[in-house]
Amino acid sequence: MAERRSVAIVGAGIGEKHMQGYQAVSERFSVRTVCDLDEARGQALAATNPQTGFTTSLDDVLADSQIDIIDICLPPHLHFSACARALEAGKHVICEKPLATSLREADQLVEIAKASGRQLFPVFQYRYGKAIAALQALIDAGLAGAPYVATLETHWNRPASYYAIDWRGTWDGEKGGAVFSHAIHVHDLVCRVLGPVASVHAELGTRVNAIEVDDCAALAIRMENGALVTSSITLGASDDSTRLRFCFAGLTAESGRNPYSPATEEWTFTARAPVSQADIDTVLAATREPKPGFAGFFDAVADALDGRGGNKVTLLEGRRSLEFVTAIYASARRGGPVELPLGSDHPLYGGWSP
């Protein structure tokens, strides 16, 4: 029988969504503790799940021998130190995006994870849902063929009130703008489908709110497989929507507008000759629908810890996500394209904050 693992959620903000995800796969996880400095918020989250305790002390969480996994849901500038402490305490770690705030920190986490013998899973829950499972099935069946282009839209609405929380919109607190804190998931999703990025040319702007960091961007991206991708990002839309469109030799795949879980909705998959729509529909009819969002992500974590880890998000993929962010900021400041991968000699290896 597969092991049921004990989790501590550290941070009760986005931690609320994590709790819901664990409850959807309760046969594989039990949430033992919620940890938050805001007692009212933390106790309220703990109360939503039977047998879950509450503490304000991360030290107590790390010292608890019955906890297997530390799930870090803190503000971005605290992620690296919390991940490092949890790994060094002998815990597996799940960490909300961003995993760290520089490539140097990401590489340090790789080394700490190796030394500890524990696994670190960056959170990219957008990957999990019926749409991406269907697209992957079509690719695996050989119907998609060569990827040509893709377009991405991350068009969200973040008014001034969103930045009332003091760490948001700042280099010190948020460590980046829309390309880092908001579009990072959709960029991971395109890499999940098309593979690694080879180069990016970025134009960034701060046009919506009086903040330190970017809230608009236009990116031209070339993937290692030759596919060309454009990504349009703004926090000044009238509503929140995320859209993706992939054009392959054998089909076109297009999402709806669901902003936070695009992989869970119905996509359209349209054949391009010589592939027929009947061929596509046959594959789609046989595709199993996985658990969506956080539940699917946590299911993949459990599989990995059970030694069946084909669908997990890896620490290397988390590093590649930060490498792409680094290249975006480098391109915007240089005023031209930046080639990837980036080495330890890159000027922004230690961080992209001005």
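Since every read-out is calculated from the coordinates, none of them should be taken as a lab result. In this text, all values refer to a predicted model and were calculated from it rather than measured experimentally. No Cβ is skipped: glycine too gets one built from the backbone with ideal geometry, and neighbour counts run over all protein chains shown.
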> Ratio of Rg to Rh for region 5-125, alpha carbon only, Kirkwood?
Replying inline: 0.94
> What is the Cα coordinate range of region 127-290 on the first, second and third principal axes, sorted by size from largest, in whole angstrom?
Replying inline: 52, 30, 23
>> If you average the C-alpha positions of region 212-231 and of region 294-350 separately, how far apart do those two centres end up, in angstrom?
In response: 15
> Which ³J(HN,Hα) values, rounded to whole Hz and listed in residue order, are derived for region 278-287 from phi using the Karplus coefficients 6.51, -1.76 and 1.60 in 6.51 cos²θ - 1.76 cosθ + 1.60 with θ = phi - 60°, glycine and proline given as x?
Replying inline: 5, 4, 5, 4, 5, 5, 4, 5, 9, 7
> Highest GNM mean-square fluctuation, the chain, Cα pairs closer than 10 Å: which of Ile165, Ile94, Ile70?
Replying inline: Ile165
> What number, in percent, do you get for the relative contact order of region 217-354 if the mean sequence gap of Cα pairs under 8 Å and at least 6 apart is divided by its residue count?
Replying inline: 10
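Can you give me the relative contact order of region 127-290 as a percent, contacts being Cα pairs under 8 Å and 6 or more apart?
Dividing the mean separation by the residue count of region 127-290 yields 33 percent.
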> Sorted by average packing, counted as other Cβ atoms within 10 angstrom per residue and highest first, what order do 41-54, 214-227 take?
Replying inline: 214-227, 41-54
> To two decimal places, what compactness ratio does the chain give when its Cα radius of gyration is scaled by 2.2 N^0.38 Å?
Replying inline: 0.99
>> Using helices alone, I'd like the mean residue ellipticity at 222 nm for the chain: each DSSP H run of four-plus residues gives -39500 (n - 2.57), total over residue count, nearest 500.
In response: -10000 deg cm²/dmol
>> Based on alpha-carbon centroids, what's the gap between region 246-262 and region 157-211 in Å, whole number please?
In response: 21
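So what is the relative contact order for the chain, in percent, with contacts set as C-alpha pairs under 8 Å and at least six apart?
Relative contact order, the chain: 19 percent.
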> Restricting to the chain, what percent of DSSP beta bridges are antiparallel, rounded to 5?
Replying inline: 55
> What per residue convex hull volume, in Å³, comes out for region 236-347 when only alpha-carbon positions are used?
Replying inline: 189
> How fast does region 115-224 diffuse by Stokes-Einstein, in µm²/s, taking the Kirkwood radius from C-alpha pairs at 37 °C and 0.692 mPa s?
Replying inline: 200
>> Just to confirm my numbers, what's the Cα centroid distance between region 63-80 and region 93-129 in Å?
In response: 12
>> Please compute the Kirkwood hydrodynamic radius of region 315-354 from all pairs of different C-alpha atoms, in Å with one decimal.
In response: 10.3
